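The values are calculated or read from the model by the stated rules, or taken from the named source; none is laboratory data. Small disclaimer: the values here were computed from a predicted structure and weren't measured. Cβ placement follows ideal geometry from the backbone for every residue including glycine, while neighbour counts extend to all protein chains displayed. The accessibility values were calculated without ligands, DNA or RNA, using every heavy atom of the protein model including side chains. Shrake-Rupley method; radii C 1.70, N 1.55, O 1.52, S 1.80 Å.
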Amino acid sequence: PSNIVFARVFPQPGQLGLFIAAADGTDEHPLLAARDADYDATWSPDGRSIVFTSERDGSADLYQVAADGSGLERLTESPAYDDQAAFSPDGQQLVFVTTRNGGTADLWTMDLQTRRARALTSGSGGDFRPAWSPDGKWIAFSSDRGSTMPFGHGRWERLQLADVYLIHADGSGLKRLSPHGNFCGSPKWAADSRRVIAYCMTAEYTLDARRPVPEHPEDTRIVAFDVATGSAADLPSGPG
């Protein structure tokens, strides 16, 4: 057969949008006059512009706009899924997630002046949520590389495990920072570039978290990893 049937679920334009507000929450207003499915925004280091993901031209691509919502520019034009951009500390480069190399989620970097992009990571696993260290030396990200997708205890669902990794912007020095076997995601950097902060949970909780009322919310932690030693310390974060 030459045809297939499929279901697609997606937000209508304007249902998922970006807003700007003062740091105290006042003066909230839409970032863009022409709203669409826009998400995953990140500020440039100088605070003058914002890079975000949008599906306004069909595929998910990266766009840049001034902080006042003017001067909208499209940065990527790939039919692949481009998302989750993060700036280098000098504001000259982006690191982002893309599926343009065979359909898996990999990290690529882009020079914002030339718009030239190149692959940073590859492989069968997925790499997500990159964050550039303030000193420019490392990019932290979460990855399910090496995961065997084990079944949940007594369940038919599989568990997606993920670890926090570090890599230099030139692709060298790849190393795992979190212990393998559970889940750690969305790494962020401390201002001194000595620690990476991530949210972590047990492998089983990746299934529990999808329930309407999780049975073990205490399994979610905020963890600080020391970049030099790899040691981990829980940070007080309260329930939830």
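Worth pointing out:
Residues are listed down the side, and each one gets a yes or a no for (1) open to solvent by less than 30 Å² (accessible area, probe 1.4 Å); (2) farther than 24 Å from Ser59 by Cα:
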residue: Thr114; (1), (2): no, no
residue: Ser124; (1), (2): no, no
residue: Phe128; (1), (2): no, no
residue: Asp135; (1), (2): no, yes
residue: Gly146; (1), (2): no, yes
residue: Leu159; (1), (2): yes, yes
residue: Val164; (1), (2): yes, yes
residue: Ser178; (1), (2): yes, yes
residue: Ser186; (1), (2): no, no
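- The residue that is nearest to the chain's Cα centre (by Cα), among those in segment 111-135 that are in a strand (DSSP E or B) and closer than 17 Å to Ser44 by Cα, is Arg129.
- The number of residues in segment 3-28 that are at pLDDT below 70 and open to solvent by 100 Å² or more (accessible area, probe 1.4 Å) comes to 3.
- Residue count, segment 63-107 (criterion: open to solvent by less than 60 Å² (accessible area, probe 1.4 Å), out of contact with any Asp or Glu (no Cβ under 8 Å at 6 or more places or on another chain) and outside any loop (DSSP other than H, G, I, E, B)): 5
- The set of residues from segment 222-234 being part of a strand (DSSP E or B) and open to solvent by 60 Å² or more (accessible area, probe 1.4 Å) comprises Ala232, Asp234.
- Some residue of segment 20-30 being assigned to a loop (DSSP other than H, G, I, E, B) and touching a residue at least 12 places away in the same chain (Cβ under 8 Å): no
- The one condition from (1) at pLDDT 95 or above; (2) touching a strand residue (DSSP E or B) at 6+ places or on another chain (Cβ under 7 Å); (3) more than 21 Å from Thr148 (Cα to Cα) that Ser193 does not meet is (2).
- Residue count, segment 31-83 (criterion: within 29 Å of Thr104 (Cβ to Cβ), free of Cβ contacts under 8 Å to residues at least 24 places away in the same chain and aliphatic (A, V, I, L, M)): 3
- First in segment 215-238 and within 12 Å of Arg195 (Cα to Cα), second anywhere and in a loop (DSSP other than H, G, I, E, B) and of a type in the set (A, V, I, L, M), Cβ under 8 Å, 6 or more apart: Ala224/Ala190; Phe225/Leu177; Val227/Leu177; Gly230/Leu177
- Of all the numbered requirements in (1) under 29 Å from Leu120 (Cα atoms); (2) surrounded by fewer than 16 Cβ atoms within 10 Å (Cβ to Cβ); (3) more than 19 Å from the chain's Cα centre (by Cα), Val213 misses one, and that requirement is (1).
- Arg211 vs. criteria of a type in the set (Lys, Arg) and more than 18 Å from Ser142 (Cβ to Cβ): yes
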